[in-house]
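Structure first, commentary second.
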Amino acid sequence: VSAGKDANGHTIFKAERSKVTIQEVIAEEGPRLPGVDKSQREFNTGLVIVVQHGKKPSNELIERAEGIRRQWIEYFSITTGRRASMTASPQ
């Protein structure tokens, strides 16, 4: 339910917490397909720098995007328990 707005004008919501077990998810959605032993382990994502038409990205912007790219790859590795890998390389 809506509970007002925060200092930035964003809606605040109030709700009741419901615990859901993995068994309940499997009962509702079925087993994971493909199974964990056959699932994809290597991923590649793209990173796009957007600038005004006719402009080139500054070196600073390119360096910042590169920092985001490196952090994204590390974050993905950590959040998958290092069971999957991510690249962000041009193809």
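The values are calculated or read from the model by the stated rules, or taken from the named source; none is laboratory data. Note that this is a predicted model, so its numbers are computed, not measured. A quick note on method: Cβ atoms are made from the backbone with ideal geometry, for glycine too, and the neighbour counts reach across all protein chains shown. Areas reflect the complete protein model, heavy atoms only, side chains present, ligands, DNA and RNA absent. Shrake-Rupley method; radii C 1.70, N 1.55, O 1.52, S 1.80 Å.
Label-point separation (nm) for V36 and K56, each offset 7 Å from Cα along Cα-to-Cβ?
In this crude label model, V36 to K56 measures out at 4.9 nm.
For F43, enumerate residues with amide H under 5 Å from its amide H, sequence gap 5+ or separate chain, H modeled in the peptide plane.
For F43, whose amide H was placed from the backbone, the distant partners under 5 Å are S85, M86, T87.
Could you tell me the relative contact order of the chain? Use alpha-carbon pairs under 8 Å, at least six residues apart, and round to a whole percent.
So the answer I get is 25 percent.
With springs connecting C-alpha atoms under 10 Å apart, model the chain as a Gaussian network and identify which of S77, S39, S58 has the largest mean-square fluctuation.
With Cα springs under 10 Å in the chain, the top fluctuation among S77, S39, S58 is at S58.
Of the listed values (1) 3, 9, 11, 11, 11, 12, 16, 15, 9, 4, 1; (2) 2, 7, 9, 8, 7, 6, 6, 6, 7, 9, 7, 6, 6, 5, 4, 3, 0; (3) 2, 12, 21, 23, 18, 12, 8, 3, 1, 0, grab the one calculated as P(r) over Cα pairs in 5 Å bins from 0, in percent from the structure here.
Read-out taken from this structure: (1).
Could you state the accessible area per residue of the chain in Å², with a 1.4 Å probe and every protein chain left in place?
93 Å²
Order I49, I78 by their accessible area, 1.4 angstrom probe, all chains in place, largest first.
So the residues, ranked largest to smallest area, are I78, I49.
Among R69, R32, R17, which one moves the most in a GNM of the chain with springs linking Cα atoms closer than 10 Å?
In this elastic network of the chain, the residue with the biggest mean-square fluctuation among R69, R32, R17 is R17.
Tally up the carbon and sulfur contribution to the accessible surface of region 16-91 as a whole percent, 1.4 Å probe, everything protein left in place.
Carbon and sulfur atoms account for 54 percent of the accessible area of region 16-91.
Just by accessible area at a 1.4 angstrom probe, what is the order of V50, V25 from largest to smallest?
Putting V50, V25 in descending order of accessible area: V50, V25.
For the chain, set up a GNM with springs between Cα atoms under 10 Å and report which of A15, A27, A65 has the largest fluctuation.
Result: A15 has the largest fluctuation of those listed.
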